[in-house]
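The values are calculated or read from the model by the stated rules, or taken from the named source; none is laboratory data. All values derive from a computational prediction rather than experimental measurement. When we count neighbours, we look across all protein chains shown, and the Cβ atoms used for this are built from the backbone with ideal geometry, even at glycine.
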Amino acid sequence: MKIDPADLRRVSVFRDATDEDLTLFVQKGVLRSIEDGEFFFFQGDPAKYFYILVTGRAKLLQTNPAGQQVNLRTLTEWQIFGALGAVRENALYPATAQAMEPSTALAIESDFLKEMMQTRPDLSVNLMQLMTGYIMEMQERYRELATERVERRIALTILRLAGQIGKRVPDKGMTVELPLSRQDVAEASGTTIFTVSRVLADWERRGLVEAGRERVIIRNPHGLVQISEGLDPQLTDPNSDPL
Amino acid sequence: MSDFQVTVDKVLQRWPQAFWVFMKNKTKCPGCFMQSFCTLTDVAETYQLSRENLISEIVDASDKGK
C-alpha cells in the first residue's frame, strides 16, 4: 500500500500543511498492518511513535490494576493517535491501541512531529484544537458520570424506603406516596439537600415524582427503577462511545 | 380480587416459579422494591405484555414446578 501525501490532509492536525511537509511525513512514516484484535501499542510503552489510522478501525482502551478494561475512544480512518510523545518528554502511552478489524496505520516518530512543530505553528494549533476537543469531551463525560451516580443513589434510596414505608395512592394508577422530606432523602442517600432538591425538581419536570414539603410521591416507579439501574434514557446517548 | 390485581410480591410468595416468568419476560420485577405496589396489570402495562399471557405463563410454570 502507498499513501498519497495529499491524503494526509484528511488528518485534522495536517489540514493546513504544505505538500512538501506532507511528503516528508509520508517518507518518515512506516506502514504497519495488523489483524483484528492485534495491537499497535500498549499502555505504558514509551510513546516513541504517533500513528495515523489509514484503513480499518481501532480502539483506545485503558486497563486498571485489577484488569478491568475501559474503552476510551474508537478510532476511524485518518485519525491521529498516540501523539503525546510530540509534546511531553519521555512520555508513555496512557492507553492501549487495539485493532477492531484488519487495520493499517502510518507510524511516524513523535520527535519528528515535535521538530516540525517548532517552525510550523499551524501544526501546533491544530494539535491543540484536537487536545482541547478531547478535554471538553472528557469533562462532559465526567459530569455525566458524577451526576448519574448521585441520581442513581437517590433513586435507589427512594425506592428502598418506598418498599418499606410507602403507601399506594388509591385510584391514581401506579402512584406511591412516601412521608419523607428532602432532608430525609438527603440523609438516607448520603448527599446534600441541595442535590436532592435539584434532582427531584428535574424528576418532577419529567413526571417521575412529585415532591411536597414532607412527602415524595412516586408517579412513575418504573422510571425510577430505570434510573437506579443506570438506564436513564436521558443520560444515555447512544451515539457516544462506551466508556 | 381478580388475579390481575394481585401484587408481584404476593404472586412470588404464592407461586415462587413465577420468578422465572418475570425473568423470561425481561422485567425488573424480581428483587424490585416496588413489588408490594405493582399488580400484574401494572407489570403488563409497564412492559407492554399481555396480562392474560402473563397469568397463564405463571400458572404453567407453577404447574410444572410442582
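Observations, loosely collected:
- Criterion applied to A:151, A:109 was being of a type outside the set (Lys, Arg), in contact with a helix residue (DSSP H, G or I) (Cβ under 7 Å, 6 or more places away or on another chain) and under 30 Å from residue B:37 (Cα atoms), and the one residue passing it is A:151.
- Subset of segment A:184-232 [at pLDDT below 90 and of a type in the set (A, V, I, L, M, F, W, C)]: A:188, A:231
- Selection of segment A:188-225 for residues being surrounded by fewer than 19 Cβ atoms within 10 Å (Cβ to Cβ), under 21 Å from residue A:167 (Cα atoms) and charged (D, E, K, R) yields A:204, A:210, A:213, A:214, A:215.
- Selection count, segment A:49-79, where residues are among the charged types (D, E, K, R) and surrounded by fewer than 16 Cβ atoms within 10 Å (Cβ to Cβ): 0
- Test: residue in segment A:117-132 that is outside any helix (DSSP H, G or I), at pLDDT 90 or above and within 22 Å of residue A:31 (Cβ to Cβ): no
- Residue check for residue A:155: within 14 Å of chain B (Cβ to nearest Cβ) and touching a residue at least 60 places away in the same chain (Cβ under 8 Å): yes
- Count of segment B:32-65 residues which are basic (Lys, Arg) and at pLDDT below 90: 1
Conditions tested, residue by residue: (1) among the aliphatic types (A, V, I, L, M); (2) within 13 Å of chain A (Cβ to nearest Cβ); (3) under 11 Å from the mean Cα position of the chain (by Cα); (4) more than 17 Å from residue A:167 (Cβ to Cβ).
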site	(1), (2), (3), (4)
B:4	no, no, yes, yes
B:7	no, yes, yes, no
B:11	yes, no, yes, yes
B:18	yes, no, yes, yes
B:21	yes, no, yes, yes
B:29	no, yes, yes, yes
B:35	no, yes, yes, no
B:41	no, yes, yes, yes
B:47	no, yes, no, yes
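- The residues of segment B:11-41 that are touching a residue at least 24 places away in the same chain (Cβ under 8 Å) and not hydrophobic (A, V, I, L, M, F, W, C), listed by number, are B:16, B:17, B:24, B:25, B:35, B:36, B:39, B:41.
- Residues located in segment A:164-193, provided they are touching a strand residue (DSSP E or B) at 6+ places or on another chain (Cβ under 9 Å), at the interface with chain B (Cβ under 10 Å from one of its Cβ atoms) and either part of a helix (DSSP H, G or I) or over 22 Å from residue A:226 (Cβ atoms) (or both): A:167
- Contact annotation: no residue pair with Cβ atoms under 8 Å, 6 or more positions apart or on different chains, pairs a residue in segment A:221-232 that is in contact (Cβ under 8 Å) with a residue 60 or more places away in the chain and more than 9 Å from every other protein chain (Cβ to nearest Cβ) with a partner that is hydroxyl-bearing (Ser, Thr, Tyr) and buried (at least 20 other Cβ atoms within 10 Å of the Cβ).
- Annotation: of all residues in segment A:69-79 being under 16 Å from the mean Cα position of the chain (by Cα) and not β-branched (Val, Ile, Thr), the one that is modelled with the highest pLDDT is A:75.
- Number of positions in segment A:1-28 that are under 25 Å from the mean Cα position of the chain (by Cα) and assigned to a helix (DSSP H, G or I): 4
- The combined condition, being of a type in the set (A, V, I, L, M), in a strand (DSSP E or B) and surrounded by fewer than 16 Cβ atoms within 10 Å (Cβ to Cβ), is fulfilled by residue A:31.
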